[in-house]
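So the structure is just underneath, and the comments pick up after that.
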Amino acid sequence: MKSILTCILPALALAVLAFAPPAARAASALDDDGRSLEASDDATIVTADKLTFDYTQKFALFDGNVMVNDPRMQLSAQRLTIVFTEHGGAQTVKAEGRVLLTQGDKKARSEVATYDVPTGRIVLAGGPPQVMQGRNIMEGEVITFWRDQQRVECKPKARLVIYSEDFGGSSDGADGLLLPGSR
């Protein structure tokens, strides 16, 4: 499950590019060999009813019907907020309102998903949050992932439903729901 959540917001690339100097933005567009950036295989497309960049407060807000389509995953939410560091990198990313992350047969849903970029910590809360792969489900009141540590914590009221036949019937099949690159 690490892979869906480590890709939580590829929209960062778009937002960071908006904070880049104009020369860097122009160079990126010219590097596309005349093709539309949107037509590129590695393009991340973010749509929303409204987009606000506040350069002085260092944040970007995508508001209303937010959709992130990336070659690696899709995200939908009602609001997406990105807070930037002094140097223009992303500090935190927060998706709110019917958050749904999808990658293949893996899905995560919650009311709020918060990604602390420096620590790699991803917190799903509200709804209650659920992480699903096929028929298998993990849920609790708060699900926390540490991207670089291959660690997950689900509390309180943690619940895990696993169908062993979905993992080849092995007794250690539960790992497939939680480890990167599975299924």
Point-to-point label distance, ASP42-LEU160, nm (Cα→Cβ direction, 7 Å offset): 3.5
Set of lysines with alpha-carbon distance to LYS106 below 26 Å, sequence-local pairs under 8 removed: LYS2, LYS94, LYS155, LYS157
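How much length would be gained if the chain were fully extended between ARG72 and ARG98, taking 0.36 nm per residue of separation minus their Cα-Cα distance, in nm to one decimal?
Here the segment from ARG72 to ARG98 would lengthen by 7.3 nm.
So, R0 is 22 Å and r is the distance between the beta-carbons of ASP49 and THR119; what FRET efficiency does that work out to, to 0.05? Mind dumping the intermediate values first?
Numbers: r = 31 Å, r/R0 = 1.40.
It comes to 0.10.
Quick note: the coordinates plus some simple rules give every number you see, no bench work behind them. None of these values were measured; they are calculated from a predicted model. Because the Cβ atoms are built from the backbone with ideal geometry, glycine has one as well, and the counts that use them run over all protein chains shown.
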